[in-house]
Amino acid sequence: MKKTIAFLMALCFIFCAAALAEEPADGALYAGIDPWGNPLSVTLTSKDALSGVWSQNFGGNLFTQAFDNAQDGFSMEGALGDSDAITCRYIGTMALDGDALTVIFTDGEVTEVSSEGGSTSYHVAALDETQRSAILVPAVRGDYSGVTTLDAAHVEAFAAEARRLYLNEDWDAIAQLIDYPITMVPEVVIENADAFVAFMADKTVFEDDMEAMTAENCVGMMSNDQGICMGSGELWLRDIAFDGIEQVGEPALRIVAINGLAD
């Protein structure tokens, strides 16, 4: 039985990765993980001039900004999402190295301002030199039209938040994103959020599954009639208001399967 499960998870991983294999061109999307573990993507409108649009996801909120001539250095600054509570500032360079896009951060910081007026800053210069670079690979924005009417940006922002919570093993927050009832291995039916949190009290995540979700950039995820696959099947998402043919209610993405757990 374990061999069968391992085979199915490996097969799912191959399908999830296959969506990233198309050849890049001008206007192409590059995706990866930033030094802080957040999904990061860059759309190059010109590969020759290294100009395009930067999109970085912090807990489901996007920092998006256009840039020009990044091979000579880029400087970006602005608010995260719709709030001024978090601001981002980045200075660095980019370079195309074969099929990959390398981003090197030389300075900058992310600043979070609390409702009480205090602030916390994450300074780029505090990172070790080897941690200041991110390698982005050619990717294809996902087509989720067979499972939801939400656009890819909304789906992938939800996925990025689910990924963050899974990696942090924040089961209290995950509990609020689940479609109940949910069946957990070994065939335990969980009816509500309180029961899920109680069930997870003694659970952790297998190292291999943690690695798979760490590598998940939440772009171009595989989807089928079961939903949207994350990692090698650690999480599955589904729009519970989509009946497989049309949207029958307000779009509502939820987690419908959670795997990779150990006692």
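In region 162-263, counting only strands (runs of 3 or more DSSP E) that sit wholly within it, the ones holding 2 or more residues that are of a type outside the set (S, T, N, Q) and within 25 Å of P138 (Cα to Cα) span 227-230, 235-239. For region 221-254, the set of residues classified as over 25 Å from N192 (Cβ atoms) and either acidic (D, E) or out of contact with any strand residue (DSSP E or B) (no Cβ under 9 Å at 6 or more places or on another chain) (or both) consists of N224, D225, G231, S232, G244, I245, E246, listed by residue number. Take the conditions part of a strand (DSSP E or B) and either surrounded by fewer than 15 Cβ atoms within 10 Å (Cβ to Cβ) or modelled with pLDDT of 95 or more (or both) and apply them to T102. Does it pass? Yes, satisfied.
For (1) among the charged types (D, E, K, R); (2) under 27 Å from D208 (Cα atoms); (3) modelled with pLDDT of 95 or more; (4) not in a loop (DSSP other than H, G, I, E, B), each residue gets a yes or a no:
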position	(1), (2), (3), (4)
A17	no, yes, no, yes
A25	no, no, no, no
G37	no, yes, no, no
F63	no, no, no, yes
S83	no, no, no, no
A95	no, no, yes, yes
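Give the residues of region 162-198 that are farther than 28 Å from N38 by Cα, hydrophobic (A, V, I, L, M, F, W, C) and surrounded by fewer than 18 Cβ atoms within 10 Å (Cβ to Cβ), sorted by residue number. Residues satisfying the conditions are V185, V188, V189, A195, A198.
Scanning region 241-263 for residues that are crowded, with 16+ Cβ neighbours inside 10 Å, within 21 Å of V189 (Cα to Cα) and not polar (S, T, N, Q) yields a total of 8.
Between E161, E187, E216, E234, the distinction of being of a type outside the set (A, V, I, L, M) and free of Cβ contacts under 8 Å to residues at least 40 places away in the same chain belongs to E187 only.
Out of all the residues in region 184-195, which are modelled with pLDDT of 95 or more and either among the small types (G, A, S) or within 23 Å of A212 (Cα to Cα) (or both)?
A193, A195
Just one of the numbered conditions (1) surrounded by fewer than 16 Cβ atoms within 10 Å (Cβ to Cβ); (2) assigned to a loop (DSSP other than H, G, I, E, B) is not true of E77: (2). Residues that are farther than 17 Å from Y144 by Cβ and of a type in the set (G, A, S) were ranked within region 234-263; the one that is nearest to the chain's Cα centre (by Cα) is G260. For the residues A159, A153, the requirement of being closer than 30 Å to F105 by Cα, surrounded by 18 or more Cβ atoms within 10 Å (Cβ to Cβ) and not basic (K, R) singles out A159.
The values are calculated or read from the model by the stated rules, or taken from the named source; none is laboratory data. Given the structure is predicted, the values throughout are model-derived calculations rather than measurements. Neighbour counts run over all protein chains shown; Cβ positions are idealised from the backbone, glycine included.
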